[in-house]
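Trainee: Have a look at this one.
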Amino acid sequence: HLATSLPLPSDSDRLPPKIDLIVFMIDIKNKYSLKKVEDSLAYVDPSYFLGKVCFLVTGVGRVNCCSIEMNAVWRLGEVYCSPMLFCELELEAVRVSTAQRLVRMLQICAGHIPGVSALSFSSLMWNSA
Amino acid sequence: DPQRTAFLLRKQWTLYSVTPLYRFSDTHLKDYARLLSISIAAEKQKGLAVEVGFELDLDIKVDVSSIPDLKGSDQDHAAILVQLSSRSPASSKNSERKLIWLGCFCCVSGDDLSKNLPKDFTYLPLFLVNGAEKYTSIIGSWFQTTFDCCFHRLAISPFNLSWMAAMWTGCKVDKTASATELVFSVPRLPQPLDISYAIHPEDAKALWDTVQKTPGEITQEEVDVFMDCLYSHFHRHFKIHLSATKLVKVSTAIASAHCDGTIKFLQSKHLMGVMMLLTELAISQIE
């Protein structure tokens, strides 16, 4: 599911979707994207922060176009105890490998990988950062 | 002495960061000028003269001088100015020369780094250029070869531009000051679109005064609040989120800066403050 902000619009005809992983995308060239993410985080149930949330920071290839204070981004990862991935969407190879990483994380969060829980995986990523 | 730095005002300068110069000496400035003249003459011979606008017979004189007033602290090395002046061969020997190119190496309050420099290095991290690119490349190449240094265009990120907007708005200016103008470039449109946001300088200063808590000190939070106020005001009227666009140019009565790395100093009173900020940007680009 893609959304530009949370909460998701409620559709009373259908059951709410089952969500295994929430990826918040922040574009460092776009200050508004950081604000949207900060506002949306307030609508996430706290249980998701046990390994089912991650931040994807894009636009990192062009430091000269940076509109955001990077410390604010780091702080977000610390405050919400969630891993942070960095990627440059314009490079195909990086895009593909980032997508593969996200799929792997999703498999873990959905419980498809025996022996690895979302919480244990995220604390592994969190500690190695 | 404001007269000696007046040459910096009201010209468009292109900015570069420069790595430390190896074995540069203030006592050899006349020799450097002579060697630069030879380089320029050699380039003319090489065939660059075929280029339209590079007059074959133009008599170019090179001057290299030191500007002791252009520095921040005592640890800074005094600025070095390179000037190219020309005179057409048709005019008499005594006629006035015309200034055609200016290049200024300087360091304003670059304290932290000059402390740890090894003996034979001179640290002048900021380079300002006004004049034709063809001379910039000849003179830049000569410096790179002679002093084993590197020049890089200094880009100014939107993040740094917003600091400049806040800092310069906070400076006291007289009644005739020009408007504070911010220019934003909107990404990912089929036709390029720029949005220009002009604010009356007194209104801008009044806003900044309500945000800044300690005079003489500016925090990241204060810059963010200031910019967010401007963005919300714009959104209320035009329903456009300027924070989703790229800030590309900031113009105030003090100075105007563009993200391509060009600057114009408009007031001598705050000149050194701006130079200090640019020196800091140059240093962080080098690192």
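Trainee: Taking the criterion of being in contact with an Asp or Glu (Cβ under 8 Å, 6 or more places away or on another chain), assigned to a helix (DSSP H, G or I) and open to solvent by less than 70 Å² (accessible area, probe 1.4 Å), would at least one residue in the range B:224-240 satisfy it?
Mentor: If we filter the range B:224-240 for residues that are in contact with an Asp or Glu (Cβ under 8 Å, 6 or more places away or on another chain), which is where we start, we get B:224.
After this cut, where a residue has to be assigned to a helix (DSSP H, G or I) as well, the list is B:224.
Pick out the ones that are also open to solvent by less than 70 Å² (accessible area, probe 1.4 Å) and you get B:224.
There is at least one residue in the range B:224-240 that is in contact with an Asp or Glu (Cβ under 8 Å, 6 or more places away or on another chain), assigned to a helix (DSSP H, G or I) and open to solvent by less than 70 Å² (accessible area, probe 1.4 Å).
Trainee: Any residue at all in the range B:199-211 that is closer than 23 Å to A:Asp27 by Cβ and open to solvent by 20 Å² or more (accessible area, probe 1.4 Å)?
Mentor: no
Trainee: Only one of (1) in a helix (DSSP H, G or I); (2) of a type in the set (Phe, Trp, Tyr); (3) modelled with pLDDT under 95 fails for B:Tyr32. Which number is that?
Mentor: All conditions pass for B:Tyr32, except number (3).
Trainee: Oh, and also: Can you name the helices (runs of 4 or more DSSP H) wholly within the range B:98-194 that have at least 1 residues being surrounded by fewer than 17 Cβ atoms within 10 Å (Cβ to Cβ)?
Mentor: Working: elements: B:111-114, B:133-147, B:158-169.
Because the criterion is at least 1 residues that are surrounded by fewer than 17 Cβ atoms within 10 Å (Cβ to Cβ), the helices (runs of 4 or more DSSP H) in the range B:98-194 that meet it are B:111-114, B:133-147.
Trainee: Something else now. Criterion first (away from chain A (no Cβ under 14 Å), open to solvent by less than 20 Å² (accessible area, probe 1.4 Å) and over 18 Å from A:Val63 (Cα atoms)) does B:Leu271 satisfy it?
Mentor: On the way: away from chain A (no Cβ under 14 Å): yes; open to solvent by less than 20 Å² (accessible area, probe 1.4 Å): yes; over 18 Å from A:Val63 (Cα atoms): yes.
Judged against the criteria, B:Leu271 is a match.
Trainee: Oh, and also: Does A:Leu85 meet the test of being more than 27 Å from B:Trp163 (Cβ to Cβ), in contact (Cβ under 8 Å) with a residue 12 or more places away in the chain, more than 14 Å from every other protein chain (Cβ to nearest Cβ) and in contact with a Leu (Cβ under 9 Å, 6 or more places away or on another chain)? Before the answer, list the steps.
Mentor: Working: more than 27 Å from B:Trp163 (Cβ to Cβ): yes; in contact (Cβ under 8 Å) with a residue 12 or more places away in the chain: yes; more than 14 Å from every other protein chain (Cβ to nearest Cβ): yes; in contact with a Leu (Cβ under 9 Å, 6 or more places away or on another chain): yes.
It is true that A:Leu85 is more than 27 Å from B:Trp163 (Cβ to Cβ), in contact (Cβ under 8 Å) with a residue 12 or more places away in the chain, more than 14 Å from every other protein chain (Cβ to nearest Cβ) and in contact with a Leu (Cβ under 9 Å, 6 or more places away or on another chain).
Trainee: When residues of the range B:241-268 are filtered for being β-branched (Val, Ile, Thr), assigned to a loop (DSSP other than H, G, I, E, B) and within 13 Å of chain A (Cβ to nearest Cβ), how many remain? Steps first, answer last, please.
Mentor: The initial filter retains those residues of the range B:241-268 that are β-branched (Val, Ile, Thr), namely B:245, B:248, B:250, B:252, B:254, B:262-263.
Checking which are assigned to a loop (DSSP other than H, G, I, E, B) leaves us with B:245, B:252, B:254.
Subset that is within 13 Å of chain A (Cβ to nearest Cβ): B:245.
Result for the range B:241-268: 1.
Trainee: Using the structure shown, decide if B:Met276 is of a type outside the set (Ser, Thr, Tyr), within 12 Å of chain A (Cβ to nearest Cβ) and in a helix (DSSP H, G or I). Before you say what the answer is, go through the steps one by one.
Mentor: Values: of a type outside the set (Ser, Thr, Tyr): yes; within 12 Å of chain A (Cβ to nearest Cβ): no; in a helix (DSSP H, G or I): yes.
No, not satisfied.
Trainee: Does B:Asp111 meet the test of being of a type in the set (D, E, K, R) and not assigned by the TED database to the domain that holds B:Asp228? Before the answer, list the steps.
Mentor: Working: of a type in the set (D, E, K, R): yes; not assigned by the TED database to the domain that holds B:Asp228: yes.
It is true that B:Asp111 is of a type in the set (D, E, K, R) and not assigned by the TED database to the domain that holds B:Asp228.
Trainee: Here is a further query. Looking only at the range B:196-231, how many residues end up being within 16 Å of B:Glu181 (Cα to Cα) and either without any contact (Cβ under 8 Å) to a residue 12 or more places away in the chain or not hydrophobic (A, V, I, L, M, F, W, C) (or both)?
Mentor: Within the range B:196-231, residues that are within 16 Å of B:Glu181 (Cα to Cα) and either without any contact (Cβ under 8 Å) to a residue 12 or more places away in the chain or not hydrophobic (A, V, I, L, M, F, W, C) (or both) number 10.
The values are calculated or read from the model by the stated rules, or taken from the named source; none is laboratory data. Bear in mind the structure is a predicted one, so any value in this text is a computation, not a measurement. Positions of Cβ are backbone-derived with ideal geometry, glycine not excepted, and every protein chain shown enters the neighbour counts. Accessible surface is based on the protein model in full, side chains and every heavy atom, while ligands, DNA and RNA are left aside. Shrake-Rupley method; radii C 1.70, N 1.55, O 1.52, S 1.80 Å.
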